[in-house]
1. Loop only by DSSP, 10 or fewer other Cβ within 10 Å of the Cβ. Give me the trypsin sites (Lys or Arg not before Pro) in region 257-292 that pass, ordered by residue number.
2. Rule-of-thumb check for region 3-76: C-alpha Rg over 2.2 N^0.38 Å?
3. How large is the convex hull of the Cα atoms of region 384-452 per residue, expressed in Å³ as a whole number?
4. Using the Cα atoms of region 314-360, I'd like the radius of gyration and the largest Cα-Cα distance, Dmax, both in angstrom.
5. Please compare each pair in 297/400; 245/346; 49/255; 291/400; 27/274 to a cut-off of 31 Å on the Cα-Cα distance and tell me which ones are over it.
6. Using a Debye calculation, one point per C-alpha and no hydration shell, please list log10 I(q)/I(0) for region 33-102 at q = 0.22 Å⁻¹ in order.
7. At 222 nm, what value in deg cm²/dmol follows for the chain if DSSP H runs of at least 4 each add -39500 (n - 2.57) and the sum is divided by all its residues, to the nearest 500?
8. Provide the FRET efficiency to the nearest 0.05 for the residue 298-residue 380 pair, computing r from the beta carbons and using R0 = 51 Å.
Amino acid sequence: VSAALKEGQVTPTELCQRCLSLIKSTKFLNAYVTVAEETALKQAEESEKRYRRGQPLGVLDGIPIAVKDNFNTAGIETTCASNMLKGYISPYNATVVQKLLDQGAVLLGKTNLDEFAMGSGSTDGVFGPVRNPWSYSRQYKEKSVPKSHSEDKDSHWVVTGGSSGGSAAAVSSFTCFAALGSDTGGSTRNPAAHCGVVGLKPTYGLISRHGLIPLVNSMDVPGILTRCVDDAAVVLGSLAGHDPKDSTTIQDNFKPFELPSLIDVSKLSIGIPKEYHAPGLSSEILSLWSKAADLFKNAGAKVIEVSLPHTRYSIVCYHVLCSAEVASNMARFDGLQYGHRSDVNKSTESMYAATRREGFNDVVRGRILSGNYFLLKQNYENYFIKAQKVRRLIANDFVKVFRSGVDILLTPTTLSDAVPYTEFIKEDNRTRSTEDDILTQAANMAGLPAINVPTALSERGLPVGLQFIGRSFQEKQLLTVAKWFEKQVKFPMIQLEEVKKHDHGVFQHQKSASLL
């Protein structure tokens with residue numbers, strides 16, 4: 001679509017209007033919580049002036065994007081899908097948002113998520129659940145929805161995964177060309193797998209976290225959601241690098257890269273970690289995983305089984321560290337400085353307590369409670385310190401495997417395809433998160449880059465993705481391999497019946513733009 005803008009086939013304003021009209025016609029997906037129509041059109045107008053002068057700022061100039069609602073955006077409400085921050089307008093932009101705006105990107109709005117990004121379904125925020133666009137695709141309807149019930153579409157829709165489900169749904173339904181998510185234990189890769197898009201979690205420290213409302217400081221990374229691997233590389237190029245406002249970012253300068261069009265994987269060594277054959281992994285995904293390994297083998301790559309022995313402890317370790325850091329991070333929401341404040345005013349303590357009871361949902365309160373339990377003086381050594389030691393062992397497993405000559409690890413992203421909402425809510429958030437993060441969170445604990453690449457449709461006509469995990473700061477190699485794989489699998493395009501009904505013209509344009 002960038003080429004179409006340069007050649008004048010479409011103007012930034014037209015593109016922005018088409019996306020905004022598509023957001024309206026896909027409102028039922030509940031992907032966006034705030035649509036910044038006025039500011040988006042203003043940004044598109046500025047972009048148009050630059051194109052007229054023949055001075056666009058780069059590939060992202062005039063490109064419509066969306067941002068998960070846990071990144072601060074100046075002048076646009078930032079809620080984290082919680083009552084605690086309803087109505088909160090940040091005085092500054094998160095570094096990643098600012099960098100995108102500096103490149104001329106057009107910010108359409110903020111996307112839905114689980115409250116404070118705690119969850120794996122995008123079902124637990126105050127704005128209600130996000131619906132997976134594939135629920136309304138011809139592919140899913142033909143295979144899964146019984147003909148007699150096809151009118152009763154409300155009972156069959158599937159979840160997007162989470163917690164960045166709004167961003168994944170926005171990219172998948174063509175309402176924007178790229179979106180930001182956050183990834184603490186898989187929150188970008190999980191919804192990317194369920195919505196059939198590319199989801200990149202960069203190396204910890206490559207992209208600034210300044211302005212991302214923290215969940216787990218030692219694992220949070222801004223994630224990138226796009227419709228193809230090349231686009232993810234472009235967005236990464238404009239976001240990566242040192243930020244004086246975030247002391248955990250790398251000091252070195254980052255050189256943006258273009259991915260080669262001819263890729264040779266024959267000199268690569270691909271590792272298949274046997275521990276990722278986890279309980280509950282669907283037979284469909286298992287067979288796709290081995291077919292993918294065969295693709296590499298047939299292309300001359302060396303494919304070897306490797307072992308990451310501490311993987312089986314990682315999900316327990318992750319939840320201890322996660323809730324401990326959550327308890328610490330959520331202490332800032334006390335009703336004094338910003339966000340919700342209770343009317344109870346018997347004493348400061350009672351105001352604190354009432355504010356947090358009214359502002360947080362059960363999931364957030366539960367994690368704060370367990371986190372504070374792990375951090376109690378008598379438990380600190382047995383839980384928090386022990387989990388930190390196990391985390392080091394998990395990180396070392398990856399180091400050993402990469403030192404042995406393996407370049408990239410190939411694993412499943414999720415245990416199965418997306419689950420219908422009615423099924424999903426039968427289990428509580430904690431149980432669901434434990435199941436859904438199992439294949440993704442180890443990369444966060446080790447701080448490694450990982451990407452979900454849409455691979456095929458399941459028997460139910462829903463997307464299934466595979467995950468590639470790379471060496472620290474070797475995003476170029478990771479994305480190059482992902483691009484080669486994407487070319488081989490030729491993932492089908494979503495055929496959105498609902499959108500066609502609502503707005504045929506817009507859909508047709510987006511379709512051509514996504515193929516340009």
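Bear in mind that the values in this text are calculations on the coordinates, not laboratory data. Worth saying up front: this structure is predicted, and the values here are computed from it rather than measured. Using ideal geometry, Cβ is built from the backbone for each residue, glycine included, and neighbour counts are taken over all protein chains shown.
1. 267
2. 1.17
3. Convex hull volume per residue, Cα atoms: 97 Å³.
4. Computed over the Cα atoms of region 314-360, radius of gyration and Dmax are 13.6, 44 Å.
5. 245/346; 27/274
6. Here log10 of I(q) over I(0) equals -0.98.
7. Numbers: 20 runs with 209 residues, N = 516.
Result for the chain, helices only: -12000 deg cm²/dmol.
8. Once rounded, the FRET efficiency stands at 0.50.
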